Structure formats: C-alpha cells, structure tokens
Amino acid sequence: MAASLVPPRQFADARLENYRPDPDHPSQAEAVEAVRTFAAGWGPRTGGLFRRGPKAPERPGLYLDGGFGVGKTHLLAALWHLAPGRKYFGTFIEYTALVGALGYADAVRLLSGASLIAIDEFELDDPGDTMLMSRLLGELVQGGTRIGATSNTPPNALGEGRFAAADFLREIQGLSDRFTTVRIGGLDYRRRDAAEAAVVAGESAVAALPDAAGTTVDDFGALIDHLATVHPARYVGLVDGLRTAGLRDVRPLPGQTEALRFVALVDRLYDAQVALVASGEPLDRVFGEDMLAGGYRKKYLRAISRLVAMTNAGARAS
C-alpha cells in the first residue's frame, strides 16, 4: 500500500514551473512562492557565515485552502517532487485506509522519517478519522517529518477560503500552530475550456465503445450496487488500467450512502484520467438537492466538477 502513495498519474509531471497562475487571481502566483519558500527548507545551507542558503520555514506544515479546480493538487504534487528522500502522497482516505490495514503503531513506524507527508483533500466530516490523522501527524512532525495538505472550500462560500481554513485548524487542534495557511482563489480550471454541464453522449455512443482493454461499459445502477461490496480503499483497483468508461442509464442516486461511495469512485476515476461516456441523466445531476444542501456539500461539488471534466473528455474521445 505504501508503494501506491505517490501523486496520481496526471500529476506525475507537476512542477511549480508548469503551474499556470491565473493573472486575474494573484493569490495563485503567491501560492507558488509559498510552496517554493516551504520547499527551500530542504535546500543545502552552505556558503559561509553570511551566506548560508535559504532559511527553513518556521512551521513544518503547509495548508493550501481554496475552491475547486484552482490547482491545489498540482501545487501539492509539485511540493512532493521537490522533497528529498523518502516521501508519501495520498488522499486523506488513503492514509486512513493505511492505518486501518496496518494498525496505528505499524503505520507510524512505516511513515516515520519521511521528509514529507502530502495529504490531498483533507476531510473534516468524520471526527474520528480527523482525530486519528491529527494524532498521527503530531507524532510524525515530532520526528522531523513535514506535512503538506489541501482541502476544498465551496466556490460560493462567503469569504472563500476562510471558513475551510478555520475548520481545518480547529479540527487538528494541537497541530494548528504548526501550519502555514495559504488561501488560493480563482475559477475552476476544469471548466475553463469545457461545457458548464456534464455531457450526455447517449445510448448509441455508449454502445459504440470498443470491446477492448482499457474500456468498460456498465449499467449505472448495477455499478452503484457493486460499490457496496467493495471497500472504498480498493476502488483504485477497479480503475487500474482503465482509459474509458461507459455508463448506461444514469439516474439520480437513491441516498447518501450510495452517493458517498460514488464520490469515492469519481475521485479514483479522475485521478486515473478516465474519460466517461454516459447515457441517461446528466452525471452532474445525480446528487439530490438535499444532498447539495447538507454536510457533504463540498464532496458533491468536487465530484460534479470532476464529472463535468471527464464527460467532456469522453465527448472529445468518442
């Protein structure tokens, strides 16, 4: 499991140099410099008494806070690439799954001594998991490991960034004073060059998908039922080697449990850069209004952003 804790394929080449800040949102360029400053702490400190190289940041943690699609994961992956030696990159869910599989003590032993633990999409909606991660990170920081983390702020939140940051710092309690918070504004890059809604390709397009390696076609309802039989930590195995997925007869999700499982799958599909070709209801309308108004709103909005991007990719490929 530890060997899989690396940036997703689409961020394998993510660097600060190829991050494209939006000139209309200066906080994006400022975030690049914040990551560069944080990474400078790993640089050599040579050159004599008065020229000792970059000064390490005072805080061992960096938290990137902002809306969907402003490039937080790109910047976190770029930071991971800059870190020396042994380092890990994963989502919050992947780290909690690691602890569940190995046990807390063995997970601490495995991760201890790493130069960086990068946590994408830090989740705050499960108090137990949040406290577990807070305790884990506290032990790792004491051993010299540095932490990078991201989380999402709903794009229409008043004072974008502030509330998510406050929630994050409150939940990690004793670690809060160890993090530098960087707020990133901007538009969702996934929608800059795409339609504003998920593309419905239609049944004929789904049926025309080739019966070949890297392509799969499933009934949407059957897929949702199947997800109930697989632990979300293993969804990455479901999408391994997949390039295009066809979904027949998409319809609204029946409840919160099914919706959260689907969100976890969407994250894995997006990480693997899978193109979606679907029939039935638009995939960005599978979450009910009650879901979008509830406590998991951020998860659903992130999934919608990704579904729009993946169905646009499917339309271009088909």
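Remarks
- For region 227-248, a residue qualifies if it is in contact with a helix residue (DSSP H, G or I) (Cβ under 6 Å, 6 or more places away or on another chain) and either exposed (fewer than 15 other Cβ atoms within 10 Å of the Cβ) or modelled with pLDDT under 95 (or both), and the qualifying residues are 232, 233, 235, 236, 239.
- Residue match in region 88-108 (condition: at pLDDT 95 or above, within 16 Å of residue 34 (Cα to Cα) and under 19 Å from the mean Cα position of the chain (by Cα)): no
- Reported count of residues in region 210-226, each being within 18 Å of residue 314 (Cα to Cα), without any contact (Cβ under 8 Å) to a residue 40 or more places away in the chain and open to solvent by less than 40 Å² (accessible area, probe 1.4 Å), is 2.
Residues are listed down the side, and each one gets a yes or a no for (1) open to solvent by 50 Å² or more (accessible area, probe 1.4 Å); (2) among the polar types (S, T, N, Q); (3) more than 27 Å from residue 272 (Cα to Cα):
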residue: 2; (1), (2), (3): no, no, no
residue: 13; (1), (2), (3): yes, no, no
residue: 20; (1), (2), (3): yes, no, no
residue: 27; (1), (2), (3): no, yes, yes
residue: 34; (1), (2), (3): no, no, yes
residue: 37; (1), (2), (3): yes, yes, yes
residue: 42; (1), (2), (3): yes, no, yes
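- Scanning region 273-294 for residues that are buried (at least 16 other Cβ atoms within 10 Å of the Cβ) and over 24 Å from residue 313 (Cα atoms) gives 288, 291.
- Subset tally (residues that are out of contact with any Pro (no Cβ under 8 Å at 6 or more places or on another chain), in a helix (DSSP H, G or I) and closer than 21 Å to residue 206 by Cβ) for region 271-294: 2
- Some residue of region 128-150 being at pLDDT below 90 and under 15 Å from residue 64 (Cα atoms): no
- Among residues of region 62-90, those that are open to solvent by less than 50 Å² (accessible area, probe 1.4 Å), in contact with a helix residue (DSSP H, G or I) (Cβ under 7 Å, 6 or more places away or on another chain) and of a type outside the set (Lys, Arg), counted: 18
- Total residues in region 295-318, condition more than 17 Å from residue 66 (Cβ to Cβ), in contact (Cβ under 8 Å) with a residue 60 or more places away in the chain, part of a helix (DSSP H, G or I) and open to solvent by 60 Å² or more (accessible area, probe 1.4 Å): 1
The values are calculated or read from the model by the stated rules, or taken from the named source; none is laboratory data. None of the values given here were measured: they were computed from a predicted structure. Quick reminder, even Gly has a Cβ in these numbers, built from the backbone with ideal geometry, and neighbours come from all protein chains shown. For accessibility, only protein heavy atoms count, side chains too; no ligands or nucleic acids. Shrake-Rupley method; radii C 1.70, N 1.55, O 1.52, S 1.80 Å.
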